[in-house]
Amino acid sequence: MNGETLKRLRKEAGLSQEQCSEVTGFSQSMISGFEKAEFPNYEYIIKLYRYLKKPLYEFIISKEELSKIFGIKPDYLDIIKEMNKLPDNMAKRLLLNFLDLTELLLDSKGH
């Protein structure tokens, strides 16, 4: 995941950095920095994820790429949306574990 992904998701939702600032509590300059970063702030990712109500995997990898890695139908990945109901600390732990798992899977597939 990188800042470009966050920028794309924000723009797809029709939000400016200023509007994201109001929603997430992070300053506009911090959001600008996150969108340029190779590894953005996880707290911001979780807040943006909850506001946009998009599946978590969209913040990490495309649905199509992920379905190929796991060898399952893309529609099955929507279960990750349920993470939106979890407390922030649990969602952060799951996100970090998911990132680790994705990295391991990509490495095992030679990506």
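Each reported figure results from applying straightforward, stated rules to the coordinates on display, with no laboratory input. Quantities reported herein were computed from a predicted structural model and do not represent experimental measurements. All Cβ positions, glycine included, derive from the backbone under ideal geometry; neighbour counts span all protein chains shown.
Extending each Cα 7 Å along its Cβ direction at residue 90 and residue 23, get the distance between those two points in nm, one decimal.
Rounded to a tenth, the inter-label distance reads 2.4 nm.
What is the spin-label model distance, in nm, from residue 70 to residue 13 if the labels are put 7 Å beyond Cα along the C-beta direction?
Modelled inter-label distance: 2.2 nm.
Based on the mean of other Cβ atoms within 10 Å per residue, sort peptides 38-48, 7-17 so the most packed one is first.
In descending order of packing, they fall as 38-48, 7-17.
Give, in nm to one decimal, the length gained when the segment between residue 38 and residue 105 is fully stretched (0.36 nm per residue of separation minus the Cα-Cα distance).
22.2 nm
Take the alpha carbon atoms of the stretch 1-63, find their radius of gyration, then divide it by 2.2 N^0.38 Å using N residues; give the quotient.
Relative to the 2.2 N^0.38 Å estimate, the stretch 1-63 comes out at 0.96.
If packing is taken as the average number of other Cβ atoms within 10 Å across a peptide's residues, how do 25-32, 103-110, 89-96 rank, most packed first?
Ranking, from highest mean packing down: 25-32, 89-96, 103-110.
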